[in-house]
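Here the structure comes first, spelled out in structure tokens, and everything after it is commentary.
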Amino acid sequence: MYDNVGRNHRNFPRTLLVCLWVAGLLMLASALASAQVGQAWAWGWNNTGQLGDGTKVNKKTPEPFSGVTGMVQISSGVSHTLALKSDGTVWAWGNNSGGQLGDGTYTDRLTPVQISALSG
């Protein structure tokens, strides 16, 4: 299993790690953290695409996440992630074996998909 705070965390901004704990964004097997409004970093286990980068490749260190722009809130489950954008739309990616993404399928998503039923 990969280090959820990144093996090279000494080079990673401390404020981001503090933000990670305060916002409760640490996932069981992977992590997503927000550095500032609209910007996020992702790393860790990626077996079902929960990092949203279009792959199933695990990441040992934090990498900028650009799958959704204008995010104001991020939430994650064990192996899926949800994001709320400033325009009120909701996006989801990762494991969908139980329909947890809310997109009407049971298909894992390697990149973010908009959840139309929750869009304002």
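No lab work stands behind these numbers, since they all come straight from the coordinates. Because the structure is a prediction, the values reported are computed rather than measured. Note: ideal-geometry Cβ built from the backbone for every residue, glycine included; neighbour counts use all protein chains shown.
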Convex hull volume of segment 50-89 per residue (C-alpha atoms, cubic angstrom):
80
Output ordering of 89-99, 51-61 (per-residue mean of other Cβ within 10 Å, highest first) is 89-99, 51-61
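With only alpha-carbon pairs counted, each pair once and no self-pairs, how large is the Kirkwood hydrodynamic radius of segment 53-120 in angstroms?
On the way: mean 1/r = 0.0807 Å⁻¹.
Result for segment 53-120 stands at 12.4 Å.
What number comes out for the charge environment of T111, summing +1 per Lys or Arg and -1 per Asp or Glu over other residues with Cβ under 13 Å away? Write down the numbers at each step before the final one.
Working: positive: K56, R109; negative: D53, D103, D108.
Cβ neighbours under 13 Å give a net charge of -1.
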